[in-house]
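K.L.:
I am attaching a structure below and will ask some questions about it afterwards.
The values are calculated or read from the model by the stated rules, or taken from the named source; none is laboratory data. Please read these numbers as outputs of a predicted model, since none were measured by experiment. When we count neighbours, we look across all protein chains shown, and the Cβ atoms used for this are built from the backbone with ideal geometry, even at glycine. For the accessible areas, the whole protein counts, side chains as well, though only heavy atoms, and no ligand, DNA or RNA atoms are used. Shrake-Rupley method; radii C 1.70, N 1.55, O 1.52, S 1.80 Å.
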Amino acid sequence: MRFSPFLAAVAAAMLLAPSPATARTAAPAATEESDREVALAQLDYTTGLSVTFTDSVPSDEVGMVQTGMIGRAPLVARDDEDTLLETYLEITPPDVAVPRRLVEDHGADLPAELQRRRITGEPVTAGGLTAPASAVRSGTSTCTWSPFGWTLWHDDGVPGLPAKSYSTFDFGGFKQSIAESYVANCTPQSSSSNLWARHRIYYRNILGNFVKHFEGLVPPGHHQAVVKSGAIKRHRTVSYDDAWNADPSCGGGTCVYAREGRFRS
């Protein structure tokens with residue numbers, strides 16, 4: 001559905017990459033190799049939710065980042081089977097242009113709605129949007145709440161939560177085409193903005209190196225959900241840490257964040 005000769009060639013080259021046993025010992029370097037993120041669309045909603053669609057170069061993967069205030073900006077709920085193009089069409093009105101890259105990523109069998117939408121190669125910016133009720137995730141985000149239908153890992157927010165990474169090698173060692181991560185920084189919103197919680201998403205390239213293609217700093221009182229999706233199945237890693245270095249005494253124990261995520265095809 002998303003086949004291209006270039007991606008097929010890269011997929012074949014990945015067979016020459018180091019074995020899983022070797023990859024287990026590899027970790028993101030101190031000076032990190034990173035993809036270049038290209039903005040496809042910036043969407044702002046009346047709730048305060050910000051949704052960004054991106055393209056990563058050279059990994060050729062598209063992404064969606066949602067960021068908003070806990071309790072005020074509910075997340076967009078994505079069907080696990082939807083492409084990012086289908087999500088984009090659902091959460092934007094007909095007069096908002098559609099990024100061409102999302103159309104290309106979707107592949108064949110394009111949605112019928114696309115026939116009445118303008119497609120553009122330029123970055124899209126739209127504000128004052130209202131997501132349809134069917135696309136808004138129900139439930140109130142807390143440091144014990146889970147926004148995904150199922151997860152491979154979920155860590156409730158507790159003081160002193162240690163930094164941690166999760167890898168495809170932790171869950172059967174199978175390469176996956178999608179990585180998803182969620183962080184809720186339940187530190188009081190009135191706290192200093194430098195008390196962030198962070199998640200980073202990596203993929204392993206054909207040389208066996210981990211390359212970062214997302215990094216998000218989530219400020220106090222905010223939550224963030226991220227998806228990175230590509231046509232090629234890769235080994236992937238999501239890493240988490242915080243600005244208070246897991247100090248349980250930070251803010252008298254109020255510096256807390258929750259995290260969860262999954263890898264899937």
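K.L.:
Please sort 35-42, 212-219, 148-155, 123-130 by packing, taking for each peptide the average over its residues of neighbouring beta carbons within 10 angstrom, highest first.
P.N.:
Values: 35-42: 17.5, 212-219: 19.5, 148-155: 14.9, 123-130: 13.0.
Listed from highest to lowest mean packing, they are 212-219, 35-42, 148-155, 123-130.
K.L.:
Let me ask something additional. Which ³J(HN,Hα) values in Hz, rounded to whole numbers, follow from the phi angles of region 45-52 under the Karplus curve 6.51 cos²θ - 1.76 cosθ + 1.60, where θ = phi - 60° and Gly and Pro get x?
P.N.:
My calculation for region 45-52 gives 10, 5, 6, x, 6, 10, 10, 10 Hz in order.
K.L.:
On the accessible surface of the chain, probed at 1.4 Å, how many percent belong to carbon and sulfur atoms? Each step should come with its number before you reach the end.
P.N.:
Details: 6410 of 11770 Å².
After summing per-atom areas, the C and S share lands at 55 percent.
K.L.:
For the chain, what does the relative contact order come out to in percent, with C-alpha contacts under 8 Å and a separation of six or more? Show your work: numbers first, answer last.
P.N.:
Numbers: 581 pairs, mean separation 65.6, N = 265.
Computed value for the chain: 25 percent relative contact order.
K.L.:
Averaged per residue, what accessible surface does the chain expose to a 1.4 Å probe, in Å²? List each step's numbers first, then the result.
P.N.:
Values: 11770 Å² over 265 residues.
That works out to 44 Å² per residue.
K.L.:
How do the peptides 229-241, 47-59 rank, highest first, by the average count of neighbouring beta carbon atoms within 10 Å per residue? All intermediate terms of the calculation are to be shown ahead of the outcome.
P.N.:
Working: 229-241: 21.5, 47-59: 18.6.
In descending order of packing, they fall as 229-241, 47-59.
K.L.:
Now for a different question. Counting only Cα atoms, I'd like the Rg/Rh figure for the chain, Kirkwood definition for Rh. Could you put the intermediate results ahead of the total?
P.N.:
Values: Rg = 18.5 Å, Rh = 19.2 Å.
Over the Cα atoms of the chain, Rg/Rh equals 0.96.
K.L.:
Shifting gears a bit: Quick check: from the Cα gyration tensor, does region 114-265 come out rounded (a/c under 1.5), prolate or oblate?
P.N.:
Values: a/c = 1.82, a/b = 1.18, b/c = 1.54.
Since a/c reaches 1.5 but b/c is at least a/b, the shape of region 114-265 is classed as oblate.
K.L.:
Rounded to the nearest 0.05, what FRET efficiency do ASP80 and SER249 have when you use their Cβ-Cβ distance and R0 = 51 Å?
P.N.:
According to the calculation, E is roughly 0.80.
K.L.:
Let me ask another. So what J values fall out for region 101-108 if you push phi through Karplus, 6.51 cos²θ - 1.76 cosθ + 1.60 with θ = phi - 60°, rounded to Hz, Gly and Pro as x?
P.N.:
Taking θ as phi minus 60°, the curve returns 4, 5, 5, 5, 5, 5, x, 6 Hz for region 101-108.
K.L.:
Can you figure out the FRET efficiency of LEU114 with ARG264, using R₀ = 30 Å and their beta-carbon distance, to the nearest 0.05?
P.N.:
Values: r = 25 Å, r/R0 = 0.83.
So, using R0 = 30 Å, E works out to roughly 0.75.
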